[in-house]
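**Student:** Here you go, one structure.
The values are calculated or read from the model by the stated rules, or taken from the named source; none is laboratory data. These numbers come from a predicted model, not from an experiment. Here the Cβ is made from the backbone with ideal geometry for all residues, glycine too, and neighbour counts use every protein chain on show. We work out accessible area using only protein heavy atoms, side chains counted, and drop any ligands, DNA or RNA first. Shrake-Rupley method; radii C 1.70, N 1.55, O 1.52, S 1.80 Å.
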Amino acid sequence: MSRRPSRKSTGIFVPAAVALLCAALLLIGHRMGGDAQVDALLDAIANNRTFITSSIALETGVSVPEAAAPAAQPQAETPAVAVESAPPPVDEADTAQTNTDTLPSPQDKRDTDISVRNDAGLSVDVDAMLNDPIDISVTADGSPQVLIYHTHSTEAYTPEGSDTYTASGDYRTRDTNQNVVRVGTELTKVLESRGIGVIHITDIFDDPAYNGSYGRSLTAAEQVLEKYPDIAVTIDLHRDAILNNDGSQYRVATTLDGQEVAQLMLVIGTDASGLTHPNWRDNMNFAVNLQADLNGAYPDLMRDVNLRSQRFNTHLRSGSILLECGSSGNTLQEAIRAVKLFGNVLADRLLA
């Protein structure tokens, strides 16, 4: 339906028509080589609110209130550049403890009293392995020699303070700053600070489908190892899940120098399930010797070494382990403190 101009708006037609005629004449002068004064006058007309409102009225027959007229935009001297949104403000009270944490000092000893939870039922001579450690070493030249990945990437911890997340399941989230991937990031930082090159796979393998996650993480790990054949150690970093009898989340933790720290567990896969794994005894040798170093440096940090029937992708290298960092009952900060301690002891062993 067309709208006829109202009688109230006809009073602006004459000044609007005159303004448009003047603008047209000035524009012709400019095209024919007019000077800077013509340019300035054109800009003044283009930015004049009365001219704009009158022009709109002439075109539509509808008056535009002064307040609704478009404001003139200043011309930028350089093209606009898209800028990422600033991160949300951080509550300093929530992060104060994290920022001021001082890692407990390691004890200068080696505790070879190693306990093994042998769920695979295979014969293992721990003492012989401690007396004849496998030689797995790296160089501090920054080249990739350690691979960290997460088969169950969405595993998360008990929310606390600013460490909260949108859940994708029970104690699970795709937020890699809040799940076990974050713990891997902190371990990467520790190793790289010691000169050890690390490849950290942050892909999510267990969501939306949990089944098949080991196959997917294996494919990703093999691609990295093919590209970087000098990688000597692979770590599949997880967090455990333990329930109390009442169904609540069990927390595995210890206190070191007054700080609450999650406990860790080394898990070693075998060929007991029927899958090929010719080097599982090398993995076990590496694990018990690393455990001896960790037990000596930080008593009670480590849970018993767990020998399992499943392979868990630990056939990739002689220095392949699965590391459980805390449980769902722990907080993210407790897990981060623990993995930092682990990382420094691991670096000491690999660089020895």
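**Student:** Those residues that are surrounded by fewer than 22 Cβ atoms within 10 Å (Cβ to Cβ), within 18 Å of Asn289 (Cα to Cα) and of a type outside the set (A, V, I, L, M, F, W, C), I need them from region 333-352; list them, please.
**Tutor:** Of everything in region 333-352, those that are surrounded by fewer than 22 Cβ atoms within 10 Å (Cβ to Cβ), within 18 Å of Asn289 (Cα to Cα) and of a type outside the set (A, V, I, L, M, F, W, C) turn out to be Asn344, Asp348, Arg349.
**Student:** Which strands (runs of 3 or more DSSP E) does region 193-270 wholly contain that include 3 or more residues that are open to solvent by 70 Å² or more (accessible area, probe 1.4 Å)?
**Tutor:** No strands (runs of 3 or more DSSP E) qualify here.
**Student:** Let me ask you something else. Can you go through Thr166, Thr158 and tell me which one is surrounded by fewer than 16 Cβ atoms within 10 Å (Cβ to Cβ), in the same structural domain as Gly319 (by the TED database) and in contact with a Lys or Arg (Cβ under 9 Å, 6 or more places away or on another chain)?
**Tutor:** Being surrounded by fewer than 16 Cβ atoms within 10 Å (Cβ to Cβ), in the same structural domain as Gly319 (by the TED database) and in contact with a Lys or Arg (Cβ under 9 Å, 6 or more places away or on another chain) holds for just one of Thr166, Thr158, which is Thr166.
**Student:** While we're on this one: Please enumerate the residues belonging to region 295-310 that are out of contact with any helix residue (DSSP H, G or I) (no Cβ under 7 Å at 6 or more places or on another chain), in contact (Cβ under 8 Å) with a residue 60 or more places away in the chain and either acidic (Asp, Glu) or open to solvent by 10 Å² or more (accessible area, probe 1.4 Å) (or both).
**Tutor:** Asn295, Pro299, Asp304, Arg308, Ser309
**Student:** Kindly indicate the residue of region 116-155 that is in contact with a strand residue (DSSP E or B) (Cβ under 8 Å, 6 or more places away or on another chain) and acidic (Asp, Glu) and also most open to solvent (accessible area, probe 1.4 Å) among those meeting that condition.
**Tutor:** Result: Asp141.
**Student:** The conditions are (1) surrounded by fewer than 22 Cβ atoms within 10 Å (Cβ to Cβ); (2) not in a loop (DSSP other than H, G, I, E, B), and Ala292 fails exactly one of them. Which is it?
**Tutor:** Going through (1) surrounded by fewer than 22 Cβ atoms within 10 Å (Cβ to Cβ); (2) not in a loop (DSSP other than H, G, I, E, B) one by one, Ala292 breaks only (1).
**Student:** Assuming Ser318 fulfils every condition listed in (1) touching a helix residue (DSSP H, G or I) at 6+ places or on another chain (Cβ under 7 Å); (2) open to solvent by less than 20 Å² (accessible area, probe 1.4 Å); (3) over 20 Å from His152 (Cβ atoms) apart from one, which condition is it?
**Tutor:** Status for Ser318: all satisfied but (2).
**Student:** Determine which single condition Asn330 fails, assuming it passes every other condition in (1) open to solvent by 10 Å² or more (accessible area, probe 1.4 Å); (2) in a loop (DSSP other than H, G, I, E, B).
**Tutor:** (1)
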